[in-house]
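Below is one structure, written out as structure tokens; the observations come after it.
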Amino acid sequence: MQAALDHLRRLIRWISLALLFLLIATPLAQVIMRGVFTLPFSGAEELARYFLICLTFFAASYVTVEGGQIRMEEVQAFLPPRLRWFTQIAIETAAVILFGFISFAGVLTISRNMDNRTATLEMPFLVFMAPLALGAFLLALETAIVLVRIIRAGHADAKRTTLT
């Protein structure tokens, strides 16, 4: 199970890096096409927005694993250890519920709009909304793993601010 999760995390990291590259390359291509060739790149804004959405939702689960999410650890440090543990459990539980709900809502929205397309690129609604549903699911999964780890540990996580 752990090997499959590690493989999935590596895949998500590489997908996120590719999406970051595409997010940078799309506006650059638009500038070059307009400035050098006086030929506009139709749909570049919508495509860049799509890459941003994909990057945000796919990379969020990886950021959670690496401890990069905002955790307000400085505030938690003032709490007694047992209360800090219960606070972390409450936060992670609420996050699992929220991300699970967002994923469910995304799947429901996709299923109700299968015939719709985006305005400029005429991208199928399924392709446009899939990053939301999948990313929220992955985020709920990673947050649930963190929740189980905190519960099994029996104590609050130590402060671990990650700066990259």
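Between the range 96-118 and the range 57-79, what's the alpha-carbon centroid distance in Å?
The two parts, judged by their Cα centres, are 25 Å apart.
Springs between alpha-carbon pairs under 10 angstrom, Gaussian network model over the chain: which of 12, 151, 53 fluctuates most?
Maximum among the listed residues: 151.
Per residue of the range 26-39, in order, report the coupling 6.51 cos²θ - 1.76 cosθ + 1.60 (Karplus, θ = phi - 60°) as ³J(HN,Hα) in whole Hz, putting x for Gly and Pro.
Result, rounded to whole Hz: 5, x, 4, 5, 4, 5, 5, 4, 6, x, 8, 9, 6, 10.
Within the range 59-75, which residues have the backbone N less than 15 Å from the label spot 7 Å out from residue 87 along Cα→beta-carbon, could you tell me?
Within reach of a label on residue 87, which here means backbone N under 15 Å from a point 7 Å along Cα→Cβ, the range 59-75 contributes 70-75.
Test of understanding: in a Gaussian network model of the chain with alpha carbons linked when under 10 Å, which of 126, 108, 23 would top the mean-square fluctuation ranking?
108
Helix 81-112 against the longest principal axis of the chain: what's the angle in degrees, Cα atoms only, rounded to the nearest 10?
30 degrees
Can you list the equivalent-ellipsoid semi-axes of the range 35-164, largest first and in whole Å, using the square root of 5 times each Cα gyration tensor eigenvalue?
38, 19, 9
Give the order of 37, 58, 21 when sorted by the count of other beta carbons within 10 angstrom, beginning with the fewest.
Arranged by neighbour count, lowest to highest, 37, 58, 21 become 37, 21, 58.
Please return the longest stretch of the chain lacking exposed loop sites, where trypsin sites (Lys or Arg not before Pro) count only if DSSP places them in a loop and at most 14 other Cβ atoms lie within 10 Å.
It works out to 1-158.
Given DSSP loops and a limit of at most 16 other Cβ atoms within 10 Å, what is the longest stretch of the chain that contains no such GluC sites (Glu not before Pro)?
It runs 1-65.
Do any chymotrypsin sites (Phe, Trp or Tyr not before Pro) in the range 63-155 lie in a loop, going by DSSP, with at most 15 other beta-carbon atoms within 10 Å of their beta carbon, and if so which?
78
What residue among 18, 60, 153 shows peak mean-square fluctuation when the chain is described by a Gaussian network model with Cα springs under 10 Å?
Looking only at 18, 60, 153, the largest GNM fluctuation is found for 153.
Rounded to the nearest 500, what is the chain's calculated 222 nm mean residue ellipticity when only DSSP H runs of at least 4 contribute -39500 (n - 2.57) each, over all residues?
Using -39500 (n - 2.57) per qualifying helix, the result is -26000 deg cm²/dmol.
Bear in mind these aren't lab numbers, they're just calculated from the coordinates by the rules spelled out. No experiment lies behind these values; they were computed from the predicted model shown. Glycine gets a Cβ as well: all are built from the backbone with ideal geometry, and neighbour counts include every protein chain shown.
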